[in-house]
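For reference, the structure discussed in these notes is given below.
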Amino acid sequence: MDFGFILSSAASEIFSPTTAAYALAALGLAVHFGYSGLLNFGQAGFMAVGAYGFAISTLTFGVPFFVGLLIAILASAVFALLLGIPTLRLRADYLAIVTIAAAEIVRYIVTTNQLTAVTGSANGLAAFEGGFYSMNPFPEGSYFGMNNRDFFIRVVGWALVALCCTLVWMLMRSPWGRVLKGIREDENAVRSLGKNVYAYKMQALIIGGVLGALAGMIFTLPRGAVQPANYGTELTFFLYTCLLLGGLGTVLGPVIGAMIFWVVLSLTQGILYGLIESGAITWLNTVQAGQLRYILVGVALMLLMIFRPQGVFGNKKELAFA
């Protein structure tokens with residue numbers, strides 16, 4: 001078993017585009033749940049709206065990259081409004097149920113056979129990333145062992161993560177952010193002070209949804225394809241895992257949590273595959289090992305919630321509302 005290769009493969013996940021996408025989407029959940037107390041289990045839906053909004057506008061209407069980006073952001077904002085108007089007055093557990101259903105509705109809509117010409121149905125859409133890579137300023141060559149396209153998407157993805165973290169940090173230090181934290185702790189007390197709790201919740205839902213839409217784009221650009229199977233309910237659960245690993249009411253927590261999540265997944269997969277190939281494990285095949293790694297990550301998360309429920313960078317005070 002080549003431990004050097006396993007470790008290098010795991011380390012490469014720290015700054016992968018997928019990790020950046022998960023960090024952005026988990027940051028959106030931090031705005032929703034960590035700061036506002038909105039139990040949104042439909043973040044995968046926002047990612048799908050962003051990815052499909054960009055892909056459809058590019059392939060069907062032939063718009064430039066930045067116009068497609070704007071359409072994806074506007075689509076996520078509209079989705080947040082449609083979701084939030086009838087649901088934001090619901091209690092947390094009912095809101096969770098509704099948001100799961102909303103995300104599944106989005107996924108089933110794009111897989112409808114009648115919309116195959118637009119959404120590609122179950123096969124999804126492909127070949128829409130040309131406008132993005134046409135802006136690549138890096139000439140062909142090797143950059144830290146990556147080609148210029150891989151390096152470019154990493155630079156863009158993590159620059160976007162840094163920008164969004166900065167904006168969220170500034171928002172949460174502002175009076176607006178302090179109202180959000182008050183709503184999380186006791187929305188009746190905030191309402192008694194004359195604040196429009198519903199409007200603040202809607203604003204938080206839109207901001208977190210936009211972050212999810214940006215994450216959906218970063219998630220799909222390296223693949224050059226968007227497929228509905230990638231936006232199932234389990235994706236939102238993985239994002240919550242990242243959020244809980246790093247800490248609920250923090251800005252950097254979701255980013256560090258996403259890094260830990262993907263490094264641990266890669267590391268456990270590499271070790272299990274290595275043990276199977278070496279014959280040390282004979283009662284598993286590679287397909288079963290791929291599922292076992294999620295079980296191991298789940299056990300690790302359970303232990304984390306028992307011994308450090310605030311996450312790696314969280315504060316115990318942030319758990320007061322939970």
Next on the checklist: When the residues of the range 24-42 are narrowed to those that are in a helix (DSSP H, G or I) and more than 15 Å from SER76 (Cβ to Cβ), which ends up most open to solvent (accessible area, probe 1.4 Å)?
Outcome noted: PHE33
Checklist entry - Got a sec? Which of LEU301, LEU243 is hydrophobic (A, V, I, L, M, F, W, C) and surrounded by fewer than 18 Cβ atoms within 10 Å (Cβ to Cβ)? => result LEU301
Item to check | Sole exception among (1) part of a helix (DSSP H, G or I); (2) of a type outside the set (Lys, Arg); (3) surrounded by fewer than 17 Cβ atoms within 10 Å (Cβ to Cβ) for ALA21, by number | outcome: (3)
Item to check | Boolean, ALA225 is open to solvent by 20 Å² or more (accessible area, probe 1.4 Å), closer than 30 Å to LEU125 by Cα and among the aliphatic types (A, V, I, L, M) | outcome: yes
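With the condition being modelled with pLDDT under 90 and under 18 Å from VAL168 (Cβ atoms), I'd like the helices (runs of 4 or more DSSP H) fully within the range 207-322 carrying at least 3 qualifying residues.
233-246
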Checklist entry - Within the range 170-184, how many residues turn out to be more than 24 Å from the chain's Cα centre (by Cα) and surrounded by 14 or more Cβ atoms within 10 Å (Cβ to Cβ)? => result 2
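Here is a check on your reading of the model: is GLY45 part of a helix (DSSP H, G or I) and closer than 26 Å to TYR198 by Cβ?
yes
Yes/no per residue for (1) under 22 Å from the mean Cα position of the chain (by Cα); (2) among the acidic types (Asp, Glu):
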residue	(1), (2)
ILE109	yes, no
VAL118	no, no
GLY131	no, no
GLU140	no, yes
GLY145	no, no
ILE153	yes, no
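Of all residues in the range 122-138, count the ones that are of a type outside the set (Gly, Ala, Ser) and surrounded by 15 or more Cβ atoms within 10 Å (Cβ to Cβ).
5
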Checklist entry - Here are THR111, THR119: which of them is of a type in the set (S, T, N, Q), touching a strand residue (DSSP E or B) at 6+ places or on another chain (Cβ under 8 Å) and either farther than 22 Å from LEU211 by Cβ or open to solvent by less than 60 Å² (accessible area, probe 1.4 Å) (or both)? => result THR119
Checklist outcome for this item: Those residues of the range 82-138 which are hydroxyl-bearing (Ser, Thr, Tyr) and part of a loop (DSSP other than H, G, I, E, B) amount to THR111, THR112, SER134
Item to check | Hits in the range 186-196 - residues which are surrounded by 14 or more Cβ atoms within 10 Å (Cβ to Cβ) and either at pLDDT 95 or above or not hydrophobic (A, V, I, L, M, F, W, C) (or both) | outcome: GLU187, ARG191, LYS195
Checklist entry - When you look at GLY141, is it open to solvent by less than 60 Å² (accessible area, probe 1.4 Å) and in a loop (DSSP other than H, G, I, E, B), yes or no? => result yes
Checklist entry - Which of the following residues is touching a strand residue (DSSP E or B) at 6+ places or on another chain (Cβ under 6 Å) and either in contact (Cβ under 8 Å) with a residue 24 or more places away in the chain or open to solvent by less than 10 Å² (accessible area, probe 1.4 Å) (or both): ALA96, ALA80, ALA51? => result ALA51
Next on the checklist: Would you confirm, using the coordinates I've provided, whether ARG91 is among the basic types (Lys, Arg) and crowded, with 18+ Cβ neighbours inside 10 Å?
Outcome noted: no
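The values are calculated or read from the model by the stated rules, or taken from the named source; none is laboratory data. Quantities reported herein were computed from a predicted structural model and do not represent experimental measurements. We place every Cβ from the backbone using ideal geometry, glycine too, and count neighbours over all the protein chains shown. Each accessible area value is taken on the protein alone, full model and side chains, heavy atoms only, with ligands, DNA and RNA left out. Shrake-Rupley method; radii C 1.70, N 1.55, O 1.52, S 1.80 Å.
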